[in-house]
1. Just to confirm my filter: which strands (runs of 3 or more DSSP E) fall fully inside segment 9-121 and include at least 1 residues that are in contact (Cβ under 8 Å) with a residue 60 or more places away in the chain, surrounded by 11 or more Cβ atoms within 10 Å (Cβ to Cβ) and in the same structural domain as residue 188 (by TED's automatic domain parsing)?
2. Is there a residue in segment 218-235 that is more than 27 Å from residue 64 (Cα to Cα), in contact with a strand residue (DSSP E or B) (Cβ under 6 Å, 6 or more places away or on another chain), at pLDDT below 85 and in a loop (DSSP other than H, G, I, E, B)?
3. Is it the case, given these coordinates, that residue 474 is touching a residue at least 12 places away in the same chain (Cβ under 8 Å) and farther than 29 Å from residue 120 by Cβ?
4. Restricting to segment 484-505, and then to whatever is in contact with a helix residue (DSSP H, G or I) (Cβ under 9 Å, 6 or more places away or on another chain) and not in a helix (DSSP H, G or I), can you tell me which residue is surrounded by the most Cβ atoms within 10 Å (Cβ to Cβ)?
5. Looking only at segment 298-345, how many residues end up being within 42 Å of the chain's Cα centre (by Cα) and either closer than 14 Å to residue 377 by Cβ or not in a loop (DSSP other than H, G, I, E, B) (or both)?
6. Tally up the residues in segment 237-266 that are in contact with a strand residue (DSSP E or B) (Cβ under 6 Å, 6 or more places away or on another chain) and closer than 26 Å to residue 307 by Cα, please.
7. Can you tell me which of (1) surrounded by fewer than 18 Cβ atoms within 10 Å (Cβ to Cβ); (2) outside any helix (DSSP H, G or I) is the one residue 250 doesn't meet?
8. Restricted to segment 255-274, and to residues that are in a helix (DSSP H, G or I) and surrounded by fewer than 17 Cβ atoms within 10 Å (Cβ to Cβ), which residue is modelled with the lowest pLDDT?
C-alpha cells in the first residue's frame, strides 16, 4: 500500500523529465546540500543543442567528454542544403518498389531525411567503422593544402569529392575523431525512430565503452535494452595473449516505456535440424538408445549446444523434462505411475497443474516419470516452431555469408560481412508488416538482404532504407596496406569491370541486393529498390550578399532552377521538403498538354512545365489534392498566378497551393 503523497507536485522534477525526453544527453547527476545524488540539467549542453553557434563551458560533471564533442553537436543541429536525385538506371522496379537505396555521406543524407522520416523508422541497424586503427572515418569539411599531406595521412576520395581519413592510432585525435563522427550521426538518427522504435549498433571492444556512454547520453540510460554478445567462428592464432572472437550489439529504445506489450521471441536455432535428425534416424530403424547417442553428439557442436537441455528421447521425439511443480501448489491428490502402479511422489513445492490437467497429459503420453523416487515432469518436445526469449549471447557463423558472397560474386568482394541470419533475427524481433528498417552504414547490404529474407519467410512487407558512401575503390587500393584488404578490393574492381560499372563501393552494394533477391525468386515479396544519390540543391542560391553580386551572377539566378536538373529531380526535392517519404507511388499524367505528377494518390500534385494554363486546374481539383506545386516562373505574370490560385480555392478549398 503506497503512502499518500501530501506534497504539492514537483514542477521542477517534471520539467527536468520533459527536457530529458527531448534531450536525454543534457541530463546529468549532482549532489544536493545533503549529499543526495539527483538529476539535474547540464545547461551548457542544453544551450548547445539550442544554439547555432559553438557554446563554451568548462564546469566539471559526470559525463563522457572529448575534444570536439560540442562542435559535433553543433554540426548535428546545423541544417543541410543537400537533396537527393533519383537514379533510375541503377534502380530495380523504381515505379513500384517501396525500398530505398541512397548513395552519399550518411551524415548529410540523415539530415535530408529528417523531415520526411521523422518518427517513422521502426528499427535502425548500423555496423559503423570499429576504429581499429585501420578504418577510414568520415571527415566532414576536411581540407588540406598539399597533396603530400593528404598522402601522408592516407586520405582518399569518395565520388562526390569528399575526403576519408584513415584513423590510425598515431593520430593525436584517434578516439576523439571517431567519437565525434558517431555522435553527430546518432543525434540525427535518433529523431527518425518511432516512439517504440529501437536501434542496434555493432561494435567491438575498441570503442564499446565509449559508444555505450554516448548512447546513454543520447538515448537515455533508462532506454538501454541490452548489450548482445556475438560469438563468431573467427580464430586469431597470431594473437600473443587472447584470440578475441566476440563482437557486441548495443540495443536502445527510442522510448522504452512505449514498447508496451511488445515481447521479443526467437526461434530456437537448430531446433528443426535436431527434429529432422530424429525423424531420419527413426525411419532408418535405429533404436531409441542409438538415436539418443546421435542426438547427444550433435549437442557437442557450438551451433546446437544451447539445445542440450533436450536430452531425452522416446517414440515421440527429442524432449526435455519440464518442471511440473509450483510454489504453494495443490498437494492433496495422487497421480499413479502407469509403469509401476505406484503413486508418484508429490513435488516439494506442490503440483503445477490441476489433477484433471495432469491426467489429460498422462493420457496423451506427455508425462515423464523417471525413477520411482522422482516426481514426474512434463515432456516438452522440440519442434520447428519452438520460440524463446532471446538471451544476450548469440552464435552466428560468419563463414556462411563469406561462402555465399564468394558463390554469387565469384570471389570475396566485401570484408567482414555480418551474418545475414543474425540481422534477420534482429529484423524479426521488432518489426512487422510495413515497418521501415534503416541502415546508414549499408556496406555489404546485409541488412537489405535480411529484410528481403524476413519478408519471404513470414510473408510481410517490411521496407528498407540503405545509405552508403560512394567510396572510390581505386583510391582504396592505393592506400590499402593489408594484403587481404587489397585482395578483396581487387576482387570488387574485377567484378565491377565484368558488369561495366564504375569502381565505387555503392555499385557492389547494389549488386548484393539484386543477387539476394534471386534467393527468393517466386515469392510475392518486393525485391526492388529506388536508387538515389545525394547532391546539391536543384535550386540556385538567390540569397546572395549585395557585395557578392554582379550583373553576371544576377542573370545566373534569374531562373532559380539549375539548368542540368530534370523535372523528376525537382519532384524529389519537393517531396522531401514537404515531409513526404521516398517510397510513395508516383504517377505521371498528361493533362491539357501538361505533364503532371501525382504523388501518393492525392498527397501531392506537381507540374513543372515552363508555362502553365488555367485549363489544368479543373482536372487537378477533381482529385482534391492536399498540396499542389508549380514553378513560379511558369506563370506569365502575377495576374495569371492569382487566377489559378483563386480557381483552385473555388474548386478545392482545402488544397494548399505553393510555387517554387
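The values are calculated or read from the model by the stated rules, or taken from the named source; none is laboratory data. Because the structure is a prediction, the values reported are computed rather than measured. Counting neighbours? That spans all protein chains shown, and the Cβs are built from the backbone with ideal geometry, glycine included.
1. In segment 9-121, the matching strands (runs of 3 or more DSSP E) lie at 82-86, 100-103.
2. no
3. Numbers: touching a residue at least 12 places away in the same chain (Cβ under 8 Å): yes; farther than 29 Å from residue 120 by Cβ: yes.
When the stated conditions are applied, residue 474 passes them.
4. At the first step, the residues of segment 484-505 found to be in contact with a helix residue (DSSP H, G or I) (Cβ under 9 Å, 6 or more places away or on another chain) are 485-486, 489-493, 495-496, 499, 501-505.
Right, trim to not in a helix (DSSP H, G or I) and you get 499, 501-504.
Details: 499: 9, 501: 15, 502: 13, 503: 19, 504: 23.
This residue is 504.
5. 21
6. Number of matching residues: 7.
7. (1)
8. Taking segment 255-274 as the starting set, the residues that turn out to be in a helix (DSSP H, G or I) are 256-258, 271-274.
Right, trim to surrounded by fewer than 17 Cβ atoms within 10 Å (Cβ to Cβ) and you get 256-258, 272-273.
Working: 256: 95, 257: 93, 258: 94, 272: 81, 273: 85.
By that ranking, first place goes to 272.
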